[in-house]
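Down below is the structure, laid out as structure tokens.
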Amino acid sequence: MDASTLGCQPLTEANLDDLLNFMETDAFSDNPQWRTCYCVFHYLSDRQDGNWGMRTGADNRMTLTQMVAEKRGLWIVAYRENRIVGWVNADISSAFRRYAERGVKADPKTGIVACFLVAPGFRRRGIAAQLLDAAVKALWEKGVNAVDAYVIVDPKGLAETEKDLGSDQLAHHGPLTMYLKAGFKVIDQQGVISHVRLEKTEGC
């Protein structure tokens, strides 16, 4: 795909209906069990917001709609020919309660790239890489000094409860090769998770 045919832009109230339609049709056509997430999972904590497993798709849809209306959260959507074909969720680490719940320091100067989704028919065309680039630029504009991601690099080492995840689910953090190509460095390895980081430099 020629990069000029793809446009990446922030999610706002103006294009929210496009994303909701995408989420409820093409986005999870091969992964229906995640259709109810509405990409708010990382913003919510079981301790502070109640057990995730008890939330419905309607709950999460309303949360996403409210967050966008209140200009909270950061999602970048990718359009091709006036149609959304993917998105990335990335934000300042202190905005992600889920990461804090898992022991990640809530640092207002560090961003986190949390998850990607690209429509099944548009994968392996470089869309996720372009979304990553757009997310990093948006995080620089928010004033962070570094951008982190936590990437699954060895699916065989996952806990038994996660072994039934499909390849699309395992890829929702993005592949390690994509991050390395974008200049990220591996700074820690915890089991099957690589912690990667991109430091801001002059000119960014």
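Just so it is clear, none of the values below were taken in a lab; they were calculated from the coordinates. The model shown is predicted, which means the values in this text are computed figures rather than measured ones. Every residue, glycine as well, gets a Cβ built from its backbone with ideal geometry; the counts of neighbours run over all protein chains shown.
Starting from the eigenvalues of the Cα gyration tensor, five times each then square-rooted, give me the equivalent ellipsoid semi-axes of region 3-199, largest first, whole Å.
Whole-Å semi-axes of the equivalent ellipsoid: 22, 20, 19.
Please report how many Lys pairs in the chain have alpha carbons closer than 26 angstrom, counting only residues at least 8 apart along the chain or sitting on separate chains.
Taking the Cα cut-off of 26 Å, the pair count is 25.
For LEU44, which sequence-distant residues (separation of 5 or more, or a different chain) have an amide H within less than 5 Å of its own amide H, given hydrogens modelled in the peptide plane?
Distant-sequence amide H within range of LEU44: ARG97, ARG98.
For region 62-149, state which trypsin sites (Lys or Arg not before Pro) are in a DSSP loop and have at most 13 other beta carbons lying within 10 Å of their beta carbon.
For trypsin sites (Lys or Arg not before Pro) across region 62-149 that sit outside H, G, I, E and B with at most 13 neighbouring Cβ atoms in 10 Å, the list reads LYS71, ARG72, ARG102, LYS105, LYS109, ARG124.
Compute the length gained on full extension between GLU81 and ALA14: take 0.36 nm times their separation in residues and subtract their Cα-Cα distance, giving the result in nm to one decimal.
Additional length available on full extension: 22.4 nm.
Can you give the helix-only mean residue ellipticity at 222 nm for the chain, where every DSSP H stretch with n ≥ 4 adds -39500 (n - 2.57) and the sum goes over all residues, rounded to the nearest 500 deg cm²/dmol?
After summing the helix terms and dividing by residue count, I get -7500 deg cm²/dmol.
Where in the chain lies the longest segment free of GluC sites (Glu not before Pro) that are both loop residues by DSSP (not H, G, I, E, B) and have at most 11 other Cβ atoms within 10 Å?
82-201
Run the quick spin-label model on ASP188 and LYS105: label points 7 Å from Cα toward the beta carbon, then report their separation in nm to one decimal.
A separation of 0.9 nm, rounded to one decimal place.
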